[in-house]
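Worksheet: one structure, shown below.
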Amino acid sequence: MEKRAWWKESVVYQIYPRSFCDSNGDGIGDLPGILSKLDYVRDLGVNVIWLSPVYRSPNDDNGYDISDYRAIMDEFGTMEDFDALLAAAHERGLRIVMDLVVNHTSDEHPWFIESRASRSSEKRDWYIWREGKDGRPPNNWGSAFSGSAWEWDETTRMYYLHCFSKKQPDLNWDEPAVRDAVFDMMTWWCEKGIDGFRMDVISMISKRADMPDAPLEPGMLYGSVMAPGGVCNGPHVHEYLREMNRRVLSRYDLLTVGETAGVTLEEARRYANADGTELSMVFQFEHVGLDASPADKWSTARVPLPALKKNLAKWQTGLEGQAWNSLFFCNHDQPRVVSRWGDGSPQAAKCLATALHMMQGTPYVYQGEELGMTNCPFGPIGNYRDLEAINAYRELTEAGLREPEELLEAIAFKARDNARTPMQWDDSPNAGFTSGTPWIMVNPNYPTLNAAAQEADPDSVLQYFRRLIRLRRESRWKDAVVYNRFTLLDPEDEHIFAYLRPGETPLLVVCNMTPEARLYRLPPEVPAGRAELLLSNGAPLSLGPELALAPWQAAVWAVVS
Ligand code: GLC
Ligand code: CA
């Protein structure tokens, strides 16, 4: 069996504070708002909260551009509010994992202000400065948020690198003083008593010195910084993480998860190695990238089920015994999965959740996922708030690469703002999120889709999530759910996602991933024995050679003898 660890037995709930709960009517979620909803989070059965960034920030990228790592964003409250939240969470048995954004800072961070002041500034080398090439940027890299990844700075007449917006200059991790400053700051938070870090784009912190152009494909204005050979998994990334582990992480009992864009199986086995010399686990993105092309993510393509299943299985078996998986379909950067891979229905939300949570790894629930919250009909580009979508729309239509209408449809399907509409608490105005004007539109389906209504309905998505999480956290089957291995069944089946969790008590998971009723014939790999139904979102289903599954029906059995 895998080595035991509390973070392997955990379920994490991600909160995007700006959109969770507004306590003072300014239209922006805040820390007192989160505090007021802690019982709701506890009652879901999770034991860890991942807070998206709450640090001081000019909010070019909603807090992923930090100007002070030791202060709280003004709109979110004060450090006293944070301390109160941490204490109240701990009282309820909830741990708090902080977002650690240290690939870059805000351009308004004092470090960058000092760095850009002169070529001889003491902090000059804290960021990545380069001369231009024949009056143009040093290479062809484009930022993840459109435009060149290089910004010309008139004061010292050089370019600085920003893999994200120009207000997010990349730190230079090769500079030892940068690592000292980051590790000091992390220690300061650990001493406060936080329980871990989710490390933003941590696979990008080590840049290769030569910085070659990235390949250009048709339809691309810039080479992608994320392309192999670009900034991901650079030459010293493991060395720096091991140093971080030695100097900070190993001194505390933490859950650490690296957001590792562009990670391969081989790399993930190093980042999340079972010896614990780097991180507990990583987020990899292959499964949520299957419906995008390397040129851009803006498409309405649907992933064929066999491709999705095989990809998930590759990570399940590829890390087995060597590293630990994180399980997610949703976060603040992804559209709502029930709209993306489902049909928006409550049954689809339950089915997708079952498919996800019964695999091996630590599951992450993104706020509102437990209600089956859907993509939002934003309409015109003016209703979006995210710089990624807004910039892409401008850049791609102005260059004549995309037709506005067609692009808008793809943005509606894929935009990050789909995940960022306010949490739907009840059917009062603005879904009970704020008494003021919300910073981003509320999904108009809130009068029927909200937490209060689902609290009262035993068949709701919310109640199903509670059962699903309890199965992993509290039931007599919990060791099997957490630690059993994984075997994919019928990889080519286009409608059914079925897998086994072999182990002392084998589990069988069958999910009808379509809106039609289906018959499923059990394959020979399913062990014989008396089967006990542990969970289903449909009529009780006994295990026979052929299963008649209702639309989006999912079921989990234990084979007990
Ligand atoms: C990560 C975050 C995303 C942010 C980006 C830059 O991918 O999840 O929201 O925009 O990093 O910090
Ligand atoms: Ca507020």
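The values are calculated or read from the model by the stated rules, or taken from the named source; none is laboratory data. What you see is a predicted model; the values in this text were computed from it and never measured. Note: ideal-geometry Cβ built from the backbone for every residue, glycine included; neighbour counts use all protein chains shown. Ligands, DNA and RNA are stripped out before the accessible areas are found, and what is left, the full protein with its side chains, is counted by its heavy atoms. Shrake-Rupley method; radii C 1.70, N 1.55, O 1.52, S 1.80 Å.
The table below gives the values:
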quantity	calculated
Contact order relative to length of region 484-560, as percent, for alpha carbon pairs under 8 angstrom and 6 or more apart	33
Förster radius 22 Å - calculated FRET efficiency between Arg467 and Leu38 (Cβ-Cβ, nearest 0.05)	0.55
Filter on Lys37/Lys350; Lys310/Lys414; Lys8/Lys310; Lys8/Lys297; Lys133/Lys207 - keep pairs with C-alpha separation over 29 Å	Lys8/Lys297
Principal-axis tilt of helix 346-357 within the chain, Cα atoms, nearest 10 degrees	80
Semi-axes of the equivalent ellipsoid for region 110-161, Cα gyration tensor, largest first, Å	20, 13, 8
Scattering profile of the chain at q = 0.08 Å⁻¹ [log10 I(q)/I(0), Debye over alpha-carbon scatterers]	-0.53
Solvent-accessible heavy-atom area per residue, rounded to whole Å², over the chain at 1.4 Å	37
For Asp386, solvent-accessible area (1.4 Å; no DNA, RNA or ligand), Å²	10
Residues listed by number, region 206-239, amide nitrogen under 18 Å from Glu403 label point at 7 Å toward C-beta	219
Angle between the chain longest axis and helix 237-247 axis [Cα atoms, degrees, rounded to 10]	80
Exposed-site-free run, longest, the chain (rule: GluC sites (Glu not before Pro); DSSP loop; at most 12 other C-beta within 10 Å)	155-473
Heavy atoms of Phe285 accessible to a 1.4 Å probe, total area in Å² rounded to 10	50
Protein accessible area in the chain, 1.4 Å probe - carbon and sulfur %	50
Cα-based Kirkwood hydrodynamic radius, region 196-276, one decimal, Å	13.9
Contour excess over end-to-end distance, with Cα ends at Ala71 and Glu131 and 0.36 nm allotted per residue	18.2 nm
Relative pair counts by distance (%), Cα atoms of region 124-260, 5 Å bins	2, 10, 17, 21, 18, 13, 9, 6, 3, 1, 0
The chain: angle of helix 305-319 to the longest principal axis, Cα-based, in degrees nearest 10	80
Beta bridges per DSSP with both ends in the chain, % antiparallel, nearest 5	55
Value of relative contact order over the chain, rounded to a whole percent, pairs C-alpha under 8 Å and six or more apart	13
Dipole moment magnitude, nearest 20 debye, region 188-254 about Cα centre, only Lys, Arg, Asp, Glu C-beta charged	260
